[in-house]
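Worksheet: one structure, shown below.
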Amino acid sequence: MILSVDVGNTNISIGAYEAENRLFVCHILTEPDKTEVEYAMLFHHILHLHRQSEQDLEGAIISSVVPPLSPVLKAALQLCGAERVLQVGPGIRTGLNIRIDNPAQLGADFVAAAIGAMDRYPLPAIIVDLGTATKISVVDRSRTFIGGSIMPGVKVSLDALSNRAAQLPHISLEGPVPVIGTNTVDSMKSGVLLGAASMIDGMIARYEEAAGPAASVVACGALADVVVPLCRREITVDSTLRIDGLYAAWRKNSV
Ligand SMILES: Nc1ncnc2c1ncn2[C@@H]1O[C@H](COP(=O)(O)OP(=O)(O)O)[C@@H](O)[C@H]1O
Ligand SMILES: CC(C)(COP(=O)(O)O)[C@@H](O)C(=O)NCCC(=O)O
Ligand SMILES: [K+]
């Protein structure tokens, strides 16, 4: 069994794989102060909860945008018996050409999602990743990552708004979203959710003006389920894009 571990600024997403099969997916909170033993205990329990044995754990692949946690998670996975632990970064074969000013600067979550997209969807692909930050990027027909956009995440901007405005409550993003709000909560939902959806539609149009029509538009990230249904553009939600992309990278490096 191989674990793919995608460390974002809010959640650590974990996928377990055996040959062609994904055995389970789960998410834990990103907690930079936890030690390797604490993460090892979490991995241990996660495997147990999913009726998997630590004995079967062969290796793992990590993508991390929280640098101090990378060595901690690597050590935790080794404590659980993973002999080989890879990390997305220089020296790892991904099949993706990264053609930006400084490829080493690119967040590993962009890389993981791009590998997932080129593995499963027709190219050129536009990828919309709705995590802590909202990210949009494009992989062209020749499997080249040509660049992207980074904006405040939907929840991050909502929280910032509630924190900064004395009369605005903290709200959840569930339920119906009216276009024209007639009370504070509905007006916030309209602004934040339809605003994000319209921004994404608008950005996809601009990406296509700049890079040509996309053969696929794919979305991932925990907020994709809330925002993508509000978009006008047809977008495929693929919640396991990053962790499946990581496993694809593992396989490319294990021959
Ligand atoms: N059910 C949920 N579980 C986790 N995060 C959620 C959930 N619903 C919304 N969120 C929000 O989604 C964002 C995290 O998305 P995720 O794709 O896990 O991001 P990251 O990889 O940056 O940690 C946070 O802003 C979080 O508040
Ligand atoms: C843009 C990000 C903060 C997004 O993080 P996330 O939403 O996945 O937690 C992360 O990809 C990052 O730190 N990137 C480095 C800068 C870059 O990609 O250009
Ligand atoms: K994550």
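So how much slack lies between Arg84 and Glu174, counting 0.36 nm per residue of separation and subtracting their Cα-Cα distance, in nm? Provide the component values of the computation, followed by the final result.
On the way: separation 90, 0.36 × 90 = 32.40 nm, distance 4.11 nm.
Fully extending the segment from Arg84 to Glu174 adds 28.3 nm.
Among the listed pairs Lys74/Lys155; Lys135/Lys189; Lys74/Lys135, those whose Cα-Cα separation exceeds 24 Å are Lys74/Lys155; Lys74/Lys135.
Each label point was placed 7 Å from the Cα along the Cα-to-Cβ direction; for Met151 and His45 their separation is 3.8 nm. For segment 123-240, a Kirkwood hydrodynamic radius built from all Cα pairs, placed in the Stokes-Einstein relation at 37 °C and 0.692 mPa s, yields a translational diffusion coefficient of 221 µm²/s. Counting only DSSP beta bridges with both residues in segment 2-87, the antiparallel share comes to about 60 percent. Karplus-based coupling profile of segment 75-80, in residue order and whole Hz: 5, 5, 5, 5, 4, 7, with θ = phi - 60° in 6.51 cos²θ - 1.76 cosθ + 1.60 and x standing for Gly or Pro.
Would you mind calculating the gained length between Asn21 and Leu230 on full extension (0.36 nm times residue separation, minus the Cα-Cα distance), in nm to one decimal?
Values: separation 209, 0.36 × 209 = 75.24 nm, distance 3.16 nm.
Here the answer is 72.1 nm.
The modelled label-to-label distance for the pair Asn163/Val185, using points 7 Å beyond Cα in the direction of Cβ, is 2.3 nm.
Could you tell me the ratio Rg/Rh of the chain? Both radii from Cα atoms, Rh via Kirkwood.
Values: Rg = 18.9 Å, Rh = 19.1 Å.
Reported Rg/Rh, Kirkwood definition of Rh: 0.99.
So in segment 123-240, what percent of DSSP beta bridges are antiparallel if you round to the nearest 5? Let's see the in-between values first.
Numbers: 13 of 20 bridges.
Once the DSSP bridges in segment 123-240 are tallied, antiparallel ones form about 65 percent.
Residues within the reach of a label modelled at Ala104 (point 7 angstrom out along Cα to beta-carbon, backbone nitrogen below 19 Å), restricted to segment 69-89, are 69-71, 87-89.
Please compute the modelled spin-label separation between Ser142 and Ile28, points set 7 Å along Cα→Cβ, answer in nm with one decimal. Inter-label distance under the simple model: 4.2 nm. Taking Cα atoms, how many degrees apart are the long axis of helix 36-49 and the longest axis of the chain, rounded to 10 and kept between 0 and 90? Helix 36-49 and the main axis of the chain meet at about 90 degrees.
Where does helix 241-252 land angle-wise versus the long Cα axis of the chain, in degrees 0 to 90, nearest 10? The angle comes out at about 30 degrees.
Every read-out reported here was derived from the displayed coordinates using simple, explicitly stated rules and does not represent laboratory data. Values in this document were obtained by computation on a predicted structure and should not be read as measured data. Positions of Cβ are generated from backbone atoms using ideal geometry, with glycine treated the same way; all protein chains shown enter the neighbour counts.
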